[in-house]
Amino acid sequence: MDDGISFGRAITVLAEEDPDRPAVTGWEPDGSKRTVSRSELDLRTNRIAREWSELGVGEGDFVSIALPNSVAFVEAAVAAWKLGAIPQPLSARLPDRERQAIVELADSKLVVGADPASHPGRRVLPVGWEADSSTSDASHPDRISPSQRAMTSGGSTGRPKLIVNQTPGVVSLLLAAATQVVADGCHIVPGPLFHNGPFALSMGGLTIGNHIVVFPRFDAEATLQAIDEHRGTFMFLVPTMMLRIWRLGDDVRNRYDVSSLETLWHFAAPCPEWLKADWIDWLGGERIWELYGGTELQAMTVIRGDEWLEHRGSVGRCIFGEMKVADPDTGDDLPPGEIGEIYMRRDAEGTPAYHYVGSEARTLPGHWESLGDMGSMDADGYVYLSDRRADMILVGGENVYPAEIEGALMEHPSVLSAAAIGLPDDDLGNRIHAIVQVTDPLTDDELTGFLAERLARYKTPRTFEFTTDPVRDDAGKVRRSALRADRL
């Protein structure tokens, strides 16, 4: 694959080189598995793009994709790129009102995967729409999208915003190498494609010849089975998924051959140190990678598992861009080891990596921007995250980071996930309340005793709430502000 060719042209070139090689495998609503070859993907997306062009989609237009994880989702993104348009992924489970707000913000030229009645005055294609088989599948004029993707974020305000990547839709072998993506491998994709990590990594892999196996939803054992069956070489997980796979137990994990897996990435949420160490023991540190950088991608740190063992808790050092730690109140630079707000920039000239639609960045002079994360940096440049600035809880004058509490809770064998929030307290200002997803019944006293060996007293939740429902979404995200609002 040549560096710098458009994503759309890359799909065509791959089809010409090896037309019958699998391109995408996904599951239909009835549970049946479906695989399309490189040739089928190229020809089908040519037809889709041709019909979308007739609907007015052109270069630089947003195409909102509200489809579930599926072959159809992948085809929609590829068709958008072939027209020079910008894929704008959305959760298929968004309420109409939330999706409407995002579509209006984007001023989408086309919405794919929604009820047309929900978006009057816009071109909308429902779930199940197919291009007419009589439509020409001939190649289109080569076009380059001005942006690879436009992801959605609620941010700390809860109002939607678009994060529009400034990188054109072209193949970058340098970026592929930086993320350990090799040509002609197989990506296992258990995470939601409307989130940046799964979308960017898997779709980037697709454009350099990888077979991507897309699950409709995460299933711990099925993920291992897919690695075994398809000889998966690459996978991205969030810590919640890692925990659920780990809780399967040795007998289930060892049932499947995962020796083909060369690269496992995890990011998007803090990973408890004990869990990461166990995965390193299982797969080997050279196969496990972590990055930090945010959807905005002004800068990025990377660390491999064996390096992490020498810098436990770190998310690595910058491989591009710059980061620094500043006092969250004054903006002054902090010395190594002190916790503050993490700021980053692409370079001193302020070269943009993205632009927001519907929001403004939190900035400091010199083109520094913050994503709202708190952490520290040591003298060697290794970054250590604490938590989100907005999620920090002030308890009796002490700063408490929910991620630390949640990591300790998830060490308990009956806990699948957890979220810690602050609720008003007349004495301490805030009391810590934990919402805990359990597999077996637990009591407040049992968890308090368990945490006493792991957390300082002021960090231990005063109250617990037990549930069997997921606390985090499929991407490992938790909306603590919404959880807090519901309980107030």
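Solvent exposure of the chain amounts to 42 Å² per residue of accessible area, where only protein heavy atoms count and the probe is 1.4 Å. The lysine pair tally for the chain, using Cα distances under 20 Å and a gap of 8 or more places or different chains, is 4. Note: relative contact order over the chain, using C-alpha pairs below 8 Å and six or more positions apart, is 10 percent.
The residues packed around TRP129, meaning those with a beta-carbon under 15 Å from its beta-carbon, carry a net charge of -2 if Lys and Arg are +1 and Asp and Glu are -1. Per-atom-type breakdown for the range 337-488 gives carbon and sulfur 46% of the accessible area (1.4 Å probe, protein chains only). Counting only DSSP beta bridges with both residues in the range 226-346, the antiparallel share comes to about 65 percent. Give me the angle, in degrees from 0 to 90, between the Cα long axis of helix 7-17 and the longest principal axis of the Cα atoms of the chain, rounded to the nearest 10. So the helix axis and the longest Cα principal axis differ by about 60 degrees.
Taking square-rooted eigenvalues a ≥ b ≥ c of the alpha carbon gyration tensor, is the range 401-488 rounded, prolate or oblate, where a/c under 1.5 means rounded and, failing that, a/b exceeding b/c means prolate? The shape class here is oblate. Each residue of the range 104-119 was assigned a 3J(HN,Hα) from its phi angle through the Karplus expression (A = 6.51, B = -1.76, C = 1.60, θ = phi - 60°), giving 5, 4, 6, 6, 4, 6, 8, 10, 10, x, 9, 6, x, 5, 7, 9 Hz with x at Gly and Pro.
Taking the mean number of other Cβ atoms within 10 Å as a proxy for protection, how do you rank 279-286, 59-66 from highest to lowest?
Packing order, densest peptide first, comes out as 59-66, 279-286.
Based on Cα contacts under 8 Å between residues 6+ apart, the range 76-153 shows a relative contact order of 45 percent.
For the chain, the mean residue ellipticity at 222 nm estimated from helices alone is -7500 deg cm²/dmol, where every DSSP H run of n ≥ 4 contributes -39500 (n - 2.57) and the total is divided by all residues, rounded to the nearest 500. A simple rule links phi to the HN-Hα coupling: the Karplus curve 6.51 cos²θ - 1.76 cosθ + 1.60 with θ = phi - 60°, which for the range 130-146 gives 10, 5, 5, 5, 7, 5, 4, 9, 5, 5, 8, x, 5, 10, 10, 5, x Hz, with x for Gly and Pro. What part of the accessible area of the range 1-109, given as a whole %, is carbon or sulfur when the probe is 1.4 angstrom? Carbon with sulfur: 44 percent of the solvent-accessible area. Find the percent of Cα-Cα distances in the range 1-85 that exceed 21 Å, and round it to a whole number. Cα-Cα pairs in the range 1-85 separated by more than 21 Å: 30 percent. In terms of the Cα gyration tensor, with a ≥ b ≥ c the square roots of its eigenvalues, is the range 71-203 rounded because a/c is under 1.5, prolate because a/b exceeds b/c, or oblate? Note, shape of the range 71-203 comes out oblate.
Pairs of Cα atoms nearer than 8 Å and 6+ residues apart set the relative contact order; for the range 176-306 it is 20 percent. The listed peptides 397-403, 159-165, ordered by packing as a protection proxy, come out as 159-165, 397-403 (highest mean of other Cβ atoms within 10 Å first). Starting from one equal scatterer on each C-alpha and no solvent at all, send me the Debye-based log10 I(q)/I(0) for the chain at q = 0.13 Å⁻¹, two decimals. Listed by q, the Debye log ratios stand at -1.33.
How much of the accessible area of the range 216-332, probe 1.4 Å, is carbon plus sulfur, in whole percent? Roughly 43 percent of what the probe reaches on the range 216-332 is carbon or sulfur. Simple spin-label estimate for ASP142 and ASP427 gives 7.1 nm between the two label positions (7 Å along the Cα-to-Cβ direction from each Cα).
When both the range 178-230 and the range 320-391 are represented by their alpha-carbon centers, they are found 30 Å apart. With θ taken as phi - 60° and the Karplus curve 6.51 cos²θ - 1.76 cosθ + 1.60 applied, the whole-hertz 3J(HN,Hα) list for the range 431-441 is 10, 8, 10, 10, 9, 10, 8, 10, 9, 9, x Hz, x standing for glycine and proline.
Just order 67-80, 227-240 by mean Cβ neighbour count inside 10 Å, highest at the front, would you?
On the way: 67-80: 25.6, 227-240: 22.4.
Result, highest mean Cβ count within 10 Å first: 67-80, 227-240.
In this Cβ point-charge picture (+1 for Lys and Arg, -1 for Asp and Glu), the range 195-351 has a dipole of about 560 debye about its Cα centre.
The values are calculated or read from the model by the stated rules, or taken from the named source; none is laboratory data. As the structure is a prediction and not an experimental result, all values here were calculated from the model. Don't worry about glycine lacking a Cβ; one is built from the backbone with ideal geometry, like all the others, and counts go over all protein chains shown. We work out accessible area using only protein heavy atoms, side chains counted, and drop any ligands, DNA or RNA first. Shrake-Rupley method; radii C 1.70, N 1.55, O 1.52, S 1.80 Å.
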